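The values are calculated or read from the model by the stated rules, or taken from the named source; none is laboratory data. Predicted, not measured: the structure shown is a model, and the values here were computed from it. Every residue, glycine among them, receives a Cβ derived from its backbone with ideal geometry; neighbour counts consider all protein chains shown. Please note that ligands, DNA and RNA were not included when accessible areas were found on the heavy atoms of the full protein model with its side chains. Shrake-Rupley method; radii C 1.70, N 1.55, O 1.52, S 1.80 Å.
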Amino acid sequence: MKLGRLNHIGVATPSIERSLELYRTMFGAEPHGPPFDLPAQGVRVWFVDASNSQIELIEPLGEDSPIVRFLDKNPQGGQHHVCFEVPDIHAAKAEFEAKGARVLGEPRIGAHGTFVFFVHPKDMGGVLTEIMET
Ligand code: CO
């Protein structure tokens, strides 16, 4: 497998509105479209455009959101995951598993409307890694 393009960096926050304001103030950055809910992943999402990638601001959607615990440990938010592109999500999953990495769940529709899965941070040097089909 070849390391694909960095699609985005996921940043968890208690408020995507407040975080967007921060990126606006610090960088003059603008959002990529409106915020939206991603119930399958338990998050509310707002993308911020950078010239060569995006920041994915995510806040919890509901009490059992997978990022609630992250925010308990990091109350002001913080870097949550990185996302790389691959051409074939099922081939990528099989390859990660063959190399002994723990893939978290089955591929599901992600924030860009294509299939994604996550690789356990313990198998990626401490970095929660999202793999996204282009
Ligand atoms: Co993401």
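With the structure loaded, tell me whether Lys2 is closer than 21 Å to Ile131 by Cα, without any contact (Cβ under 8 Å) to a residue 12 or more places away in the chain and away from the ligand (no atom under 16 Å from the Cβ) or whether it fails that test. Answer is yes for this residue. For segment 83-99, the criterion of being out of contact with any strand residue (DSSP E or B) (no Cβ under 7 Å at 6 or more places or on another chain) and either within 13 Å of the ligand (Cβ to nearest atom) or among the polar types (S, T, N, Q) (or both) is satisfied by no residue at all. For the criterion of being at pLDDT 95 or above, part of a helix (DSSP H, G or I), in contact with a Gly (Cβ under 8 Å, 6 or more places away or on another chain) and farther than 21 Å from Ile131 by Cβ, Leu71 passes. When every residue of segment 22-42 is checked against the conditions, none turns out to be within 12 Å of the ligand (Cβ to nearest atom), open to solvent by less than 10 Å² (accessible area, probe 1.4 Å) and touching a Gly at 6+ places or on another chain (Cβ under 9 Å). Contact map, segment 60-82: first residue within 18 Å of Gly105 (Cα to Cα), second residue among the polar types (S, T, N, Q), Cβ cut-off under 8 Å, separation 6 or more or different chains; pairs are Pro66/Gln41; His81/Thr129; Val82/Thr129.
Here is a check on your reading of the model: is Gly113 part of a strand (DSSP E or B) and either at pLDDT below 95 or touching a Cys at 6+ places or on another chain (Cβ under 6 Å) (or both)? For Gly113, the condition - part of a strand (DSSP E or B) and either at pLDDT below 95 or touching a Cys at 6+ places or on another chain (Cβ under 6 Å) (or both) - is not met. The set of residues in segment 116-134 that are in contact (Cβ under 8 Å) with a residue 40 or more places away in the chain and either part of a loop (DSSP other than H, G, I, E, B) or not charged (D, E, K, R) (or both) comprises Val127, Leu128, Thr129, Ile131, Met132, Thr134. In segment 46-69, of all residues being within 22 Å of His120 (Cβ to Cβ) and open to solvent by less than 50 Å² (accessible area, probe 1.4 Å), the one that is farthest from the ligand (Cβ to nearest atom) corresponds to Val68. The criterion of being modelled with pLDDT under 95 and acidic (Asp, Glu) holds for Glu30. Being hydrophobic (A, V, I, L, M, F, W, C) and more than 27 Å from Lys2 (Cβ to Cβ) is the filter here, so list the residues in segment 59-99 that pass it. Listed by number, the residues that qualify are Leu61, Ile67, Val68, Phe70, Leu71.
The residues listed here are Val116, Val103; of these, the one that is of a type in the set (Val, Ile, Thr), within 30 Å of Phe27 (Cα to Cα) and in contact with a strand residue (DSSP E or B) (Cβ under 6 Å, 6 or more places away or on another chain) is Val116.
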